[in-house]
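A.B. asks: Structure in structure tokens, see below.
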Amino acid sequence: MDSAVRAYLSEIGRRGGLRSRRVLDAETARRMVRLREARRAFRRFHARCFWSSPKNYVVTMADVAWVARQLMTHGGREGWQIGARLCR
């Protein structure tokens, strides 16, 4: 491998490693996990609980309580458990 190419790849790797190291406080990390779980549940239970919403709807933090409520109402036992986890 050419030394110029090696130096270029080394620089890219170093920069990428520096950018990816972010520090999150615990509350922000918990909110991000809740949002990810709500989005996953929306896709998984779309036919059962969210059929009136567009399939490509993007769930936001403001929608997490709505997703949890719909899951607990129409999602059966499994939906109830996921919705209860989202409400914590």
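The values are calculated or read from the model by the stated rules, or taken from the named source; none is laboratory data. Note that the coordinates shown come from a computational prediction; the quantities given were computed from them, not determined experimentally. Positions of Cβ are generated from backbone atoms using ideal geometry, with glycine treated the same way; all protein chains shown enter the neighbour counts. What goes into the accessible areas is simple: the full protein's heavy atoms, side chains included, and nothing from ligands, DNA or RNA. Shrake-Rupley method; radii C 1.70, N 1.55, O 1.52, S 1.80 Å.
A.B. asks: Residue under question is Leu18, and the condition is that it be at pLDDT below 95 and part of a helix (DSSP H, G or I); does it hold?
C.D. replies: Taking the combined requirement at face value, the residue satisfies it.
A.B. asks: Same structure again: Considering region 50-88 alone, what residues qualify as being of a type in the set (Ser, Thr, Tyr), open to solvent by 40 Å² or more (accessible area, probe 1.4 Å) and either assigned to a loop (DSSP other than H, G, I, E, B) or within 15 Å of Val33 (Cβ to Cβ) (or both)?
C.D. replies: Those that are of a type in the set (Ser, Thr, Tyr), open to solvent by 40 Å² or more (accessible area, probe 1.4 Å) and either assigned to a loop (DSSP other than H, G, I, E, B) or within 15 Å of Val33 (Cβ to Cβ) (or both): Ser52, Tyr57, Thr60.
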